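The numbers here are math on the coordinates, done by the rules we state, and not lab data. Values in this document were obtained by computation on a predicted structure and should not be read as measured data. With ideal geometry, Cβ positions are generated from the backbone for all residues, glycine too; neighbour counts draw on all protein chains shown.
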Amino acid sequence: MLFSSIVFLFYFLPVVLALYYLFRFSVPIKNMILLVASLFFYAWGEPWFVFVMLISIMGNYVLALLVDHARGKDKTARFYVGLSVVLNIGLLFVFKYLDFLIRNINQASGMEIPLTGLTLPIGISFFTFQAMSYVIDVYRGNGTVQKNPFYVALYIAFFPQLIAGPIVRYETIAEQIKNRVETLDKFSVGTCRFIAGLGKKVLLSNNFAVIADYIFNCYQGGGCPVTLAWLGSFAYTLQIFFDFSGYSDMAIGLGLMFGFKFEENFNYPYISKSIGEFWRRWHISLGTWFKEYIYFPLGGSKVKNMDIVLRNMLVVWVFTGIWHGAEWTFLIWGLLNFAALVFERFVSFEKREGHGVLKWLYTMFIVNLGWVIFRAENLVYAGNYIKCMFGFGGGGFSSRYTWMYLREYGVYFIAAIIFCIPFGKRMNYLIVKDKVAGPVVRILNFFYPVAMIGMFLLCVTCLVKGSYNPFIYFNF
């Protein structure tokens, strides 16, 4: 079930909200309503996926108790943490990477090992990382073990952040699960945040998907004109941002509607002036997870030996690439980011003053090139497309389709540029935070709810019409 679907917007969400607020006087009942709703939400597409989720929940719940019980017995506690890693990574490997491994063994050896054909459970990369972080945090003493299995289940299965994050650490919401207060302000801000995310997804990302999918799918073998190839790459760069950040906005908004506050997951990454800054602004919860549970335990950048620092960075970016998907393109994409970060470290790129525009152009060039590799179905396809971008694909320079797409979708590109910068954030600040009773603020206060309602109705119209509605991160 997608947030940007009629079933979710007009059936699932209203029913869950009604039941939740009907019993808002009782935290246990509210939590049970959210847990049952989350498991139903997860089972909507493939009911048997719930059993995978329950295995993860029960396994990590028991292992966290064992880790806590073994406190003071370091070897025993580490053994249980290791079992948690094996459980979570094992689930992820079987469903996400096993067939990829078999295909590569078959290609390399000429063998014909049959594929498992297992379907990837939705959001498995997100909830396994959350579950694993819970057990590790209990071991580190960064959070109290939870003896109520329903609280752990709600933490792992909570539907707003289940599909696409943000990846939430248990200690950040443990108190909210047991004690939270729903307010009209939280609900109204959450509703507006949800609608803003819905608008990003339906009105912007889906339209850029039309351009990107047509160009990438039509020119898999090469022959794409230079201008069209670059337009396709720009369209995908915007599509993936508004797709993923839109879902994060909707998740944060839904959390507020139920009284939860999640951390931000995006902070205008396309205004970055280095790859390092980009990754501090993009998918913040994933970057934080890799730093906390892989980079820092390896020694991070505090070790004196630069070779060790580079090794630590390499490990993180290999895992980052692999986390995103079972294809060589994701690994190469991760290595591209690693190479850019190594370059920036050795030349002290971020410390160099001036040249802001050139820094931004360099950053967006690397990011855009990376998204082309990320989007490609395989390395051959990626190579063919990149050759087209630089005029080596045999497709010429210009194309009438380039100008056709610019004419038909120009307004979406303009809107995307505006919302890639903190313009919208500043406008929201004026409306929500600014107490100066100026005429401009009063006008904005009047039109803001009207604009939100209008955006919601426009999104619903597009969904009812059956507009193209893909979701890139659905199976991550």
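Over the chain, what is the mean sequence separation of C-alpha contacts under 8 Å (at least six apart), divided by residue count, expressed as relative contact order in percent? List each step's numbers first, then the result.
Details: 602 pairs, mean separation 90.8, N = 476.
Across the chain, relative contact order equals 19 percent.
For the stretch 388-403, just list the computed ³J(HN,Hα) in residue order, Karplus coefficients 6.51, -1.76 and 1.60, θ = phi - 60°, integers in Hz, with x standing in for Gly and Pro.
For the stretch 388-403, the Karplus curve yields 5, 4, 10, x, 10, x, x, x, x, 9, 10, 8, 5, 5, 4, 6 Hz.
Once the Cβ-Cβ distance between ARG400 and ASN217 is put in as r, and R0 is 22 Å, what FRET efficiency do you end up with, to the nearest 0.05?
For R0 = 22 Å, the calculated efficiency reads 0.75.
Sticking to Cα atoms, compute the Rg of the stretch 184-283 to one decimal and its Dmax as the biggest Cα-Cα distance, whole number, in Å.
Cα only, the stretch 184-283: 16.4, 56 Å (Rg, Dmax).
Starting from one equal scatterer on each C-alpha and no solvent at all, send me the Debye-based log10 I(q)/I(0) for the stretch 96-150 at q = 0.14, 0.18, 0.19, 0.23 Å⁻¹, two decimals.
Values returned for q = 0.14, 0.18, 0.19, 0.23 Å⁻¹ are -0.61, -0.73, -0.75, -0.89.
Per q in 0.08, 0.11, 0.15 1/Å, what log10 I(q)/I(0) does a Debye calculation on the alpha-carbon atoms of the stretch 186-464 return?
The Cα Debye sum returns log10 ratios of -0.40, -0.75, -1.26.
For the chain, with only Lys/Arg (+1) and Asp/Glu (-1) charged at the beta-carbon, what is the dipole magnitude about the Cα centre, in debye rounded to 20? Intermediate results must be reported in sequence, preceding the final value.
On the way: 39 positive and 25 negative charges, 205 e Å.
For the chain, the charge dipole is close to 980 debye.
Less than 15 Å from a label point 7 Å out along the Cα-to-Cβ axis of LEU115: which backbone N atoms in the stretch 320-340 qualify, by residue?
Label zone hits: 326-328.
Could you give each residue of the stretch 297-308 its phi-based ³J(HN,Hα) in whole Hz, using Karplus coefficients 6.51, -1.76, 1.60 with θ = phi - 60°, and x for Gly or Pro?
So the J values, rounded to whole Hz, are x, 6, x, x, 10, 7, 5, 6, 7, 5, 4, 5.
By residue number, which cysteines of the chain lack any other Cys whose Cβ falls under 4.7 Å from their Cβ?
CYS192, CYS218, CYS420, CYS459, CYS462
For the stretch 25-181, max minus min Cα coordinate along each principal axis, in Å, sorted largest first?
Cα spread of the stretch 25-181 along its principal axes, largest to smallest: 61, 41, 22 Å.
Computed over the Cα atoms, what is the radius of gyration of the chain divided by 2.2 N^0.38 Å, N being its residue count?
Against the compact-globule rule of thumb, the ratio is 1.02.
What range in the chain is the longest one free of trypsin sites (Lys or Arg not before Pro) that are in a loop by DSSP and have at most 15 other Cβ atoms within 10 angstrom?
Longest stretch, sites excluded: 148-260.
HN-Hα J couplings of the stretch 370-385 from phi, Karplus 6.51/-1.76/1.60, θ = phi - 60°, integer Hz, Gly and Pro as x?
Running phi through 6.51 cos²θ - 1.76 cosθ + 1.60 with θ = phi - 60° gives x, 5, 5, 5, 4, 6, 5, 6, 7, 5, 5, 4, 4, x, 4, 5 Hz.
Measuring from label point to label point, each 7 Å out along Cα→Cβ, what is the VAL27 to LYS351 span in nm?
Rounded to a tenth, the inter-label distance reads 4.8 nm.
Helix-derived [θ] at 222 nm for the chain: sum -39500 (n - 2.57) over DSSP H runs of at least 4, divide by residue count, nearest 500? Can you show the working numbers first?
Working: 20 runs with 314 residues, N = 476.
Calculated at 222 nm, the ellipticity per residue is -22000 deg cm²/dmol.
Using only the Cα atoms of the stretch 2-113, what are the Rg and Dmax in Å?
Using the Cα atoms of the stretch 2-113, the pair Rg, Dmax is 20.3, 64 Å.
Please compute the Kirkwood hydrodynamic radius of the stretch 217-361 from all pairs of different C-alpha atoms, in Å with one decimal.
In the stretch 217-361 this quantity evaluates to 17.5 Å.
Kirkwood-based Rg over Rh for the stretch 123-178 (C-alpha set), two decimals?
Using Cα coordinates only, the ratio equals 0.93.
Strictly over 27 Å apart at the Cα level, which of LYS96/LYS304; LYS200/LYS261; LYS178/LYS200; LYS96/LYS291 would you flag in this model?
From the list (LYS96/LYS304; LYS200/LYS261; LYS178/LYS200; LYS96/LYS291), the Cα-Cα distance tops 27 Å for LYS96/LYS304; LYS178/LYS200.
Which FRET efficiency, nearest 0.05, do PHE447 and LEU19 yield, Cβ-Cβ r, R0 41 Å?
On the way: r = 33 Å, r/R0 = 0.81.
That gives a FRET efficiency of 0.80.
In the chain, with Lys and Arg counted as +1 and Asp and Glu as -1 at Cβ, which of these residues, GLY356, PHE319, SER398, has the Cα nearest the positive end of the dipole, that is, farthest along it?
GLY356
Using 0.36 nm per residue of separation minus the Cα-Cα distance, give me the extension gain between ASN267 and ALA339 in nm, one decimal. Write out the running numbers ahead of the final one.
Numbers: separation 72, 0.36 × 72 = 25.92 nm, distance 2.31 nm.
Taking ASN267 through ALA339 to full extension adds about 23.6 nm, to one decimal.
Please give the contour-minus-distance gain from PHE365 to ILE6: 0.36 nm per residue of separation, less the Cα-Cα distance, rounded to one decimal in nm.
125.5 nm
Of SER233, ALA196, CYS218, which is farthest on the positive side of the dipole of the stretch 186-464, counting Cα position, with +1 on Lys and Arg Cβ, -1 on Asp and Glu Cβ, and the Cα centre as origin?
The residue sitting farthest along the positive end of the dipole is ALA196.
Provide the gained length on full extension for the span ARG78 to ARG180, in nm with one decimal, where the gain is 0.36 nm per separating residue minus the Cα-Cα distance.
Once the chain is fully extended between ARG78 and ARG180, it gains 33.4 nm.
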